[in-house]
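Working notes, structure below.
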Amino acid sequence: MDTGLCKKCAQLLKNLVASLNQLAAGFVKKMKECMTALSNCSCLRKNKSSATYSVQQERQAACALLDHLDTVESPLHVALLEPYRTLLLSSDLEVQRKTSLSLANLLFKNKVSAEQIIETGMVLPLLERLQSWDPTVQRNSGQCVALLASSDSSREAILSMGGVIPLLVLAKSYDPLVQQNAVWALLNLTLSEGTMKVLCREGAIPVLALLLQSSNYKVQFYSCSALSNIAMFPEHHPKMLGIGDSFLLKSLLTLMSSSVEKNATQACRCLRILSGNVGTLEQLMHLDCALPLKKLICSPSLPLAEAAIRLLSELSTHELSRTSLVNVGMLHVIEQLLLGDKSSPIIIEHIVVTIINLSSACEEQQAVMYRKCLTGLLQALVSSVTSEETVLCITSCLHHLISYDNVIKLLKPHYATILEYILLYLKNQEVRFQQLAIETLCNLKKDQDFSVVMSSSLEEQLKMVHAQTERTRLLLQKI
């Protein structure tokens, strides 16, 4: 190819191109050598290896520390809890799981106190962990919050840091243990009036009412117990009973029939508290609450029977329910309880209240007396479980029944037994027993046949009481 250059100029250009090629090759070589040297230097690999090492080191250190603290038998000093806060805030999921579980175990075993948790600033990190996407972390932190909520100071801290809403969210969780721990925490937050008001304001009542229908018996118990605590304050009743179509009362009546004894017992307690409201009572009677109640009163479980008889005595205080209770055969159930060998002072005392209430209506007096309730009351007087207070309660009931003129004649077969107890009460040094015995005698003497059965020992004891009273009167005059 003819370039028009002479041989000399063409050679000069050729030499220049060769020099440039040599320079380029040397530059590339030098560049490769530089990059290789840079990549082999530890200063450029430091951040990556450090980050990897940091995560592994944190996890290993956390596990070692937490495993060691779990084996410590004595309560931990607050200084040993300082690492927990840092570990709770870790971005490593395994560290969060291990830390929250360890803290839950320490709280459960009373190795750390709620005050220590507050002091070390761990309440807020725990509440943040409630909002984790990991169910294990949610379970563990929920258990921690539930245990903390048993303390007054911790309850206030949980509320002030916005812990109610996360707990209500977790109470709707599909994970059974997450839900269980959240409802447990809500229950403990109802243990003080102040925190309870905040719960109700944040919408806890509908959530707790819905949880009564849970398939988890512990969730049922926690939610029912929380509702019982809330029901202790009548100002919350409108919200509780305002859930449509008597939802709460129906759910509680269903829970009364639970095979889990403590759940049925708690349902009776909650209904008893709510039944102080006349409107609630009308709804309960309309829902035939007396039918399941009859079975529970005869339960072989003493706590359940006591809870049921407490509910019955509360229902009987309202005039609207008395006839219905008699019509469903409640007096027969009471008779069986009195004549049975399984009873307690609580059962007897509430039976007495029920008998007095049912007999206050004229049409029920004969029903009460013609049943074997009177025989049962007399039998209860000599029961081994009968305390002094119970004896006084039974005697008051007998005195009440005797005050009805038209039923005194029904007592005639029992005069001898009644007189024995009147004599015992007259010999008692407590004035209240003596006064009750004298009042009962006054009512019995309305029947002319009663004077025939009065014993000489009874008359002598009356004279002694009169003499004691006279001496007391004379001494008082000298003051």
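The values are calculated or read from the model by the stated rules, or taken from the named source; none is laboratory data. Note that the structure is predicted; figures quoted are calculated from it, not measured. All Cβ positions, even for glycine, are placed from backbone atoms using ideal geometry, and neighbour counts span all protein chains on display.
Would you please name the residue that is surrounded by the fewest Cβ atoms within 10 Å (Cβ to Cβ), looking only at residues in segment 230-263 that are assigned to a helix (DSSP H, G or I) and polar (S, T, N, Q)?
The residue in question is T254.
Which ones in segment 124-161 are touching a residue at least 40 places away in the same chain (Cβ under 8 Å), assigned to a helix (DSSP H, G or I) and among the small types (G, A, S)?
S141, G142, A146, S154
May I ask you to list the residues in segment 162-177 that are in a loop (DSSP other than H, G, I, E, B), exposed (fewer than 14 other Cβ atoms within 10 Å of the Cβ) and not aromatic (F, W, Y)?
First pass over segment 162-177, keeping only residues in a loop (DSSP other than H, G, I, E, B): 162-163, 171-175.
Pick out the ones that are also exposed (fewer than 14 other Cβ atoms within 10 Å of the Cβ) and you get 162, 172, 174.
Residues satisfying the conditions are G162, K172.
Checking S151 against (1) closer than 19 Å to L248 by Cα; (2) more than 10 Å from the chain's Cα centre (by Cα); (3) surrounded by 17 or more Cβ atoms within 10 Å (Cβ to Cβ): exactly one of these is not met. Which one?
(1)
Among the residues that make up segment 76-90, is at least one of them modelled with pLDDT under 70 and either assigned to a helix (DSSP H, G or I) or surrounded by fewer than 17 Cβ atoms within 10 Å (Cβ to Cβ) (or both)?
Looking for residues that are modelled with pLDDT under 70 and either assigned to a helix (DSSP H, G or I) or surrounded by fewer than 17 Cβ atoms within 10 Å (Cβ to Cβ) (or both), one finds at least one in segment 76-90, hence yes.
Just need a number here: residues in segment 197-229 that are part of a helix (DSSP H, G or I) and in contact (Cβ under 8 Å) with a residue 40 or more places away in the chain.
15
Which of the residues that make up segment 62-75 are surrounded by fewer than 16 Cβ atoms within 10 Å (Cβ to Cβ) and at pLDDT below 65?
Scanning segment 62-75 gives H68, D70, T71, V72, E73, S74.
Just to verify a result, which residue in segment 91-118, among those that are crowded, with 16+ Cβ neighbours inside 10 Å and hydroxyl-bearing (S, T, Y), is farthest from L147 (Cα to Cα)?
T99
Can you pull out every residue in segment 178-194 that is crowded, with 19+ Cβ neighbours inside 10 Å and assigned to a helix (DSSP H, G or I)?
V178, Q179, Q180, N181, A182, V183, W184, A185, L186, L187, N188, L189
Would you tally the residues in segment 275-303 being under 16 Å from the mean Cα position of the chain (by Cα) and surrounded by 20 or more Cβ atoms within 10 Å (Cβ to Cβ)?
0
What is the one condition in (1) closer than 30 Å to P300 by Cβ; (2) surrounded by 20 or more Cβ atoms within 10 Å (Cβ to Cβ); (3) under 13 Å from the mean Cα position of the chain (by Cα) that L211 does not satisfy?
(3)
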